[in-house]
1. For chain B, find the longest principal axis of its Cα atoms and tell me its angle to the long axis of helix B:161-171, 0 to 90°, nearest 10.
2. How many percent of the alpha carbon pairs in the range B:284-327 exceed a separation of 12 Å?
3. Among A:114, A:82, A:38, which one moves the most in a GNM of chain A with springs linking Cα atoms closer than 10 Å?
4. Between 0 and 90 degrees, rounded to the nearest ten: what's the tilt of helix B:84-101 against the longest Cα principal axis of chain B?
5. Take the Cα of residue B:222, step 7 Å along the line toward its Cβ, and report every residue of the range B:155-179 whose backbone nitrogen sits under 16 Å from that point.
6. Apply the a/c threshold of 1.5 to the C-alpha gyration tensor of the range B:1-143 and tell me whether it is rounded, prolate or oblate.
7. Can you give the calculated 222 nm mean residue ellipticity of chain B, where each DSSP H run of n ≥ 4 adds -39,500 (n - 2.57) and the sum is split over every residue, rounded to the nearest 500 deg cm²/dmol?
8. How many percent of DSSP beta bridges within the range B:127-292 run antiparallel, rounded to 5?
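FYI, it's all coordinate maths here, none of it is from the lab. Note that the coordinates shown come from a computational prediction; the quantities given were computed from them, not determined experimentally. Cβ placement follows ideal geometry from the backbone for every residue including glycine, while neighbour counts extend to all protein chains displayed.
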């Protein structure tokens, strides 16, 4: 796929200036595959790495395809929770995070005002029998939206050796107290 | 040919650059043990998180030292067996790097890395040999005729020997990973009045079973509870004696059955002092040569992957087309070198 994209764009590896990846939140292993692959490319080509929120990428993709100025991204996080972020378009056309990205229980999800909602959490709401706001449950973050955001960030000088993953869900293990005889 | 090896199959992030021509080696190793200790075992998700956070910075450091990415002629990574999510990190990093540098890429079998680790020592064994692989994840006896020509002689039907050590240590209230701590506790007494069973030594095969030994330890502890320091040490001693003797009996049987005169011991449990002594005595009595990898290559590391991969890359092997990892993967599926 990497070769096919470069071929279509009539670019060589050496002409790449940055490598960007969606740095979460989302399925842990999936995010890490993107992160580690991007790390390998950045190291090999000796170019900076840019991490962009999966929620931001989803918002950009939906806002651009529907001509909207605000989108609330809501990705199903399983375990009756969702990753949520509210985004508004800035003067440069980039969707900017309003407040914080959060991991919320499905029944605590709210759509502020008449903001268009997008993401797999809409389907989770429906399955849980909760009210479903207006939006697109099938929308997925895509690499073109990621590249648009990253291109804008790169023009502002973003990028570096490291780009940490933003898991949002960090309670992933339980401490056990062993029985002592 | 300079080969980069990437190992992320469990809880060690290992990187190495191995020069097949000169034997020169540079490596980096990061152990996550501290992170997993409070959970009493390896938490796969935390392991994967650590790999993806540590591997790239470690690699940058290693390459800076080696003169940059131009030093890499080929890239190999642990394809399996191991934790799926952890394997994916090393495999993805390797794949991204290989694509960027347009260098050959190959997934390596983790256990082949262990089998060949003794080749990195100053006194490498010659083929053929019998290998005993004993670690937290594996217990197996393998007949090694040559690189890629492996025959599984026996393996654990349940817990790996290192796992049995760690679990019994946990029952004794020792912190994870308790194997070495259990051995240290056992060494505080000269002998034990307790006798633990030697599992599966009275049948002809070369398979192992260690979970019963852990249960025997638990039952003993419950009978003797509350335990004082001396009885804890005696339990540890009796447990270790049973494991060491069982391994010794099976190794002798494996050498005779396979008709080999060399025994190679690899894996973290190979660092156990009493096991080394017992196998030394057994090998002397059998007239066999005994080999241990350097202690740093006993546990998981990038060097053994770089070595095994370098030999295969040099023989023309490459990853073709489909890219995957193999959390479960038999050694016997591997192809011999041409």
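1. Tilt of helix B:161-171: around 60 degrees.
2. Values: 705 of 946 pairs.
For the range B:284-327, the fraction of Cα-Cα distances above 12 Å is 75 percent.
3. Maximum among the listed residues: A:114.
4. The helix B:84-101 is inclined about 20 degrees to chain B.
5. In the range B:155-179, the label zone of residue B:222 (backbone N under 16 Å from the point 7 Å along Cα→Cβ) covers B:168, B:171-172.
6. Details: a/c = 1.73, a/b = 1.04, b/c = 1.67.
The shape class here is oblate.
7. Details: 11 runs with 147 residues, N = 338.
That comes out to -14000 deg cm²/dmol.
8. Numbers: 12 of 20 bridges.
Approximately 60 percent, going by the DSSP bridge assignments.
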